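Step one of this worksheet: look at the structure below.
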Amino acid sequence: FSGAANWLVPRHVMLGANPTKGPGSGDQRLRALRRDAAVTTFVSLQQVSQERDGGYADDARGVLADAPAPAFARYEIQDLRPAPSLEWLADTVGELAARVRAGEVLYVHCFAGRGRAGLVGASLLGELYGLGGDEALERVGAYYRLRAGFDVASRRAQDGRSPETELQRQQVRDFLAR
């Protein structure tokens, strides 16, 4: 997965791109996430309207039918935007932290695994480990740049930051300063 995803909290939380999008087989990526990363819960931060098929949960349940059924959660954030509010972010991060503490292995994704995933990932990392906003952002950005598919010269990479926008990064700082 290292080209499209990275561990945020090893063996507990992975951040990445939508597992069904991109070159190759989405079915193979879903199977690999279950087999190799032991993912138990897929967390989408995409809006339903952003996914042509309205989501992949039903298809994934069929693909992964030979294993215990994975859980699916959706917390919609507009592309390139911060979360709807700090209260919304606190509720979402609280629910995800409870899942991690209960032993679930999360795959948290948006479309490309950079903006919204970075926003929620940095907030979750800060919540779980008592980090300040800047430290959580630095770690999420560093882990993002470790992906094998990260190309410093690409237009998409821009400055290599995750979360992608300053509004998203500022919301992480505000959330973790509360």
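Tabulated data for the structure shown
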item: Residue count, the stretch 1-44 (criterion: within 12 Å of the chain's Cα centre (by Cα) and at pLDDT below 90); result: 1
item: Hey, V100 surrounded by 15 or more Cβ atoms within 10 Å (Cβ to Cβ) and in contact with a Lys or Arg (Cβ under 7 Å, 6 or more places away or on another chain) or not; result: no
item: Positions within the stretch 98-107 being over 16 Å from Y75 (Cα atoms) and not in a helix (DSSP H, G or I), in sequence order; result: A102, G103, E104, V105
item: Residues (part of a loop (DSSP other than H, G, I, E, B), touching a strand residue (DSSP E or B) at 6+ places or on another chain (Cβ under 8 Å) and of a type in the set (A, V, I, L, M, F, W, C)) located in the stretch 28-46; result: V39, L45
item: Selected residue [out of contact with any strand residue (DSSP E or B) (no Cβ under 9 Å at 6 or more places or on another chain) and open to solvent by less than 70 Å² (accessible area, probe 1.4 Å)] from S25, S49; result: S25
item: Condition check for A69: open to solvent by 50 Å² or more (accessible area, probe 1.4 Å) and of a type outside the set (D, E, K, R); result: yes
item: Count of the stretch 105-144 residues which are open to solvent by 50 Å² or more (accessible area, probe 1.4 Å) and over 14 Å from R173 (Cβ atoms); result: 4
item: Hey, T41 touching a Lys or Arg at 6+ places or on another chain (Cβ under 7 Å) and of a type in the set (S, T, N, Q) or not; result: yes
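Here is a yes/no grid of residues against (1) closer than 26 Å to G160 by Cβ; (2) of a type in the set (D, E, K, R); (3) part of a helix (DSSP H, G or I); (4) out of contact with any helix residue (DSSP H, G or I) (no Cβ under 9 Å at 6 or more places or on another chain):
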| residue | (1), (2), (3), (4) |
| --- | --- |
| N6 | yes, no, no, no |
| G16 | yes, no, no, no |
| R61 | no, yes, yes, yes |
| A69 | no, no, no, no |
| A73 | no, no, no, no |
| Q78 | yes, no, no, no |
| L89 | yes, no, yes, no |
| L96 | yes, no, yes, no |
| H109 | yes, no, no, no |
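The values are calculated or read from the model by the stated rules, or taken from the named source; none is laboratory data. Values in this document were obtained by computation on a predicted structure and should not be read as measured data. Virtual Cβ from ideal backbone geometry, glycine too; neighbours counted across all protein chains shown. Remember, those area values only see protein heavy atoms, side chains included, never the ligands or the DNA or RNA. Shrake-Rupley method; radii C 1.70, N 1.55, O 1.52, S 1.80 Å.
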